[in-house]
Amino acid sequence: MPIDNEDRVLAAGASAPPARGPARSTLTTLVAMIGITAVLSLGREVFLPLAIALLLTFALAPIVSFLRRRGVPRVVAVVSTVAIAFVAIALFSFVVATQVATLAQNLPTYQSNILSKIHGLREAGAGSGMIERLSEAVQRIGIELEKTTQAGTAPDMPKKPDPMPVEVVTHQGPLDILKGVILPLVSPFATSGLVLVVVIFMLLEREDLRDRFIRLVGYSDLNRTTAALEDAGKRVGRYLLMQLVVNTLYAIPITIGLWVLGIPNALLWGLLAMVLRFVPYIGPAIGMLLPLFLAIAVAPGWSLLLWTAALFLVMEFISGNVLEPWLYGTNTGLSPLAIIVAAIFWTWLWGPLGLVMSTPLTVCLVVLGRYVPQFEFLDVMLGDEPVLEPHARLYQRLLAGDPDEATDHAEDFLQEGWLVDFYDQVGLPALLLGEQDRQRGLIPEEQRQRLAQGALALVANLEEIAQEENEEDDEAATDEAGTADETEARELPDGEGRRLLCVGGRDEVDDAVAAMLAQVLGVQDAEAFAATHADLAPRRVGELGLAGVDTAIVAFLNPRSLALARHVVRRLKRARKGLRVGLLVPVPANGEAAEAPFTADAVNADFVATGIAGAVIDGLSDAPPVPLRLPGRSIAKLRPASRRRPAAAPGKGAKAKKGAAAKAR
């Protein structure tokens with residue numbers, strides 16, 4: 001179809017060069033992020049304790065608030081909460097250190113079992129000759145490499161003497177020895193003390209720190225800044241506390257099970273499993289490997305290894321599918337890929353502690369990107385929410401010529417919604433995006449044809465779902481889980497015994513809209529068939545088979561098609577007397593107005609609907625058809641003034657009519 005004048009104007013306006021402000025702002029933000037990363041890496045000794053203190057503050061703040069609501073003074077609530085937390089951490093560290101020392105003493109006693117299993121594996125491989133063949137291959141490769149090295153040496157060149165071993169001996173005084181021994185021991189305690197002090201002061205001055213942060217970064221938009229702080233505190237604090245509860249409930253059965261199975265130092269493996277589950281994905285696997293290795297060393301057979309593996313797998317299944325959804329859900333606001341990338345980044349930046357803190361720190365970054373426009377790319381890259389709206393994603397898939405993936409998205413929607421809802425909320429808005437791009441001259445003819453063909457293929461792929469909805473009985477309509485939105489499709493009128501025509505008004509994309517409408521009418525037991533816009537040509541209207549058709553509905557995605565719609569309505573009403581003719585004209589999401597009011601009276605239509613559901617309701621209505629209004633001027637205006645008959649005077653009756661007739665003769 002050719003582009004209208006209005007479309008050319010819009011296309012000309014759309015061709016203006018874009019502003020460079022956003023790109024420059026994004027580049028500045030990226031440079032700033034690189035600089036911040038460098039500072040965090042260089043200042044690791046300073047920023048790592050601060051990050052630990054910040055996360056502990058987020059985790060302990062709900063407990064302090066709980067005590068404050070119970071009337072406990074602020075200082076008492078803060079000091080008691082922090083003291084309990086650090087005593088628990090110290091006790092945990094002491095138990096782990098004790099268990100590790102005991103394990104180190106007992107390892108030599110397991111050497112015989114490990115050697116016996118290695119010999120058993122070697123004998124199993126010796127039966128097939130695999131180990132011998134591998135050993136011979138390695139020896140041959142070594143011999144060939146040695147020959148090549150000797151051949152490359154000139155015969156007259158003297159051999160280089162073997163290097164003389166040198167041992168560096170440093171003379172340290174007593175003070176240097178004390179520094180080398182004491183400083184490594186004191187450093188963790190100094191860091192822990194610093195974290196302890198920072199956490200106490202952060203909790204005591206929490207409101208003051210919040211106000212200062214708002215004054216620095218968000219004083220001009222208090223609403224957004226307040227929402228960001230609340231979201232960050234809720235996400236991180238709830239995640240850390242609930243994750244601690246989940247990990248504890250996971251570690252207790254692991255500890256008891258390993259003790260029953262006879263695995264040494266069961267308490268150590270339970271505590272390590274609790275801590276390592278803070279590490280996403282790989283943490284539980286690491287916590288399982290060490291007890292499995294010990295199961296190999298303890299028992300001469302393989303049954304203990306299998307029972308230990310079964311214990312971890314069962315507990316991981318229960319924790320991931322029962323405990324986490326029950327307590328807080330598995331949603332942290334991060335995509336799975338973002339969690340893995342964040343773990344790699346924070347491990348590279350801050351080592352093992354960065355790995356443990358990777359998820360809560362990345363949650364803070366996502367919250368920052370969600371509320372600060374300059375860092376929006378963080379939310380887009382790391383967040384788990386879809387970055388494209390459903391109708392935009394459907395439009396993109398149809399433009400790419402991939403109706404199969406579009407069907408997958410539609411089926412995901414239809415697991416909880418109805419077909420009419422999908423077409424009204426996703427299908428029509430997606431095709432409207434294509435119509436708006438066509439008006440601006442942004443979509444070539446080839447892509448427009450691909451869009452129309454993809455939409456028709458989508459409708460064909462959803463035919464089975466339409467049949468399933470049609471076959472559902474009335475009892476399923478009153479499902480106890482149904483809501484007002486979910487039951488909208490079932491509240492549409494029954495179309496049994498009705499015959500309707502759905503036809504595109506202007507181009508192939510309108511034909512796809514007509515096919516969607518016909519499919520929904522079929523769900524309502526109406527006999528509906530779809531036709532194309534080419535069938536509305538003056539010479540082909542008679543071939544539509546309008547005999548027995550109650551209502552014809554014409555779809556127009558272009559709101560500037562008022563004149564064409566008026567001609568189409570008149571043409572259909574002339575083709576069959578008494579035919580009800582309605583229009584389906586969706587309203588664009590941006591509120592783009594038509595060139596004139598698109599009303600039923602303006603086009604002589606029986607109704608004008610803006611959605612699939614409205615078109616079904618109006619199309620199956622029992623309202624009588626609107627009479628056809630003939631266009632043009634009145635007969636009196638077409639005749640010359642000299643030939644007009646004078647109007648009879650009122651009240652003169654038949655004599656006046658006779659006199660006027662005689663005078664005319």
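The values are calculated or read from the model by the stated rules, or taken from the named source; none is laboratory data. Treat the numbers as computed from the prediction; the structure is a model and nothing was measured. When we count neighbours, we look across all protein chains shown, and the Cβ atoms used for this are built from the backbone with ideal geometry, even at glycine.
Brief remarks on what is shown
- Positions within region 425-446 being outside any helix (DSSP H, G or I) and either surrounded by 18 or more Cβ atoms within 10 Å (Cβ to Cβ) or of a type in the set (Lys, Arg) (or both), in sequence order: Arg440, Ile443
- Within the option set Asp402, Asp412, Asp421, Asp379, being under 17 Å from the mean Cα position of the chain (by Cα), under 30 Å from Ala514 (Cα atoms), outside the structural domain of Tyr281 (by TED's automatic domain parsing) and surrounded by fewer than 22 Cβ atoms within 10 Å (Cβ to Cβ) holds for one residue only, Asp412.
- Region 494-519 residues that are of a type in the set (Ser, Thr, Tyr), paired with ones that are assigned to a helix (DSSP H, G or I) (beta carbon under 7 Å, 6 or more apart): none
- In region 446-459, the residues that are farther than 18 Å from Arg506 by Cβ form Cβ pairs under 8 Å with partners that are β-branched (Val, Ile, Thr), at six or more places apart or across chains, as follows: Leu458/Thr407.
- Residue within region 241-248 that is modelled with pLDDT of 80 or more, over 33 Å from the mean Cα position of the chain (by Cα) and of a type outside the set (Asp, Glu) present: no
- Complete set of residues in region 37-53 that are within 14 Å of Trp348 (Cβ to Cβ) and surrounded by 12 or more Cβ atoms within 10 Å (Cβ to Cβ): Thr37, Leu40, Ser41, Arg44, Leu48
- Subset of region 467-501 [within 26 Å of Arg393 (Cβ to Cβ), buried (at least 18 other Cβ atoms within 10 Å of the Cβ) and modelled with pLDDT of 50 or more]: Glu469
- Residue that is farthest from Glu435 (Cα to Cα), among those in region 579-610 that are at pLDDT 85 or above and in contact with a Pro (Cβ under 7 Å, 6 or more places away or on another chain): Leu579
- Residue within region 84-95 that is over 40 Å from the mean Cα position of the chain (by Cα), at pLDDT 85 or above and surrounded by fewer than 11 Cβ atoms within 10 Å (Cβ to Cβ) present: yes
- Selection status of Arg397, in contact with a helix residue (DSSP H, G or I) (Cβ under 6 Å, 6 or more places away or on another chain) and either assigned to a helix (DSSP H, G or I) or surrounded by fewer than 20 Cβ atoms within 10 Å (Cβ to Cβ) (or both): yes
- Test: residue in region 338-348 that is out of contact with any Ser or Thr (no Cβ under 9 Å at 6 or more places or on another chain) and free of Cβ contacts under 8 Å to residues at least 60 places away in the same chain: no
- Options Ile177, Ile200; residue that is at pLDDT below 75 and β-branched (Val, Ile, Thr): Ile177
- Checked against (1) part of a helix (DSSP H, G or I); (2) small (Gly, Ala, Ser); (3) modelled with pLDDT of 85 or more, Ala61 passes all but condition (3).
- Residue that is surrounded by the fewest Cβ atoms within 10 Å (Cβ to Cβ), among those in region 68-83 that are of a type outside the set (A, V, I, L, M, F, W, C) and assigned to a helix (DSSP H, G or I): Arg69
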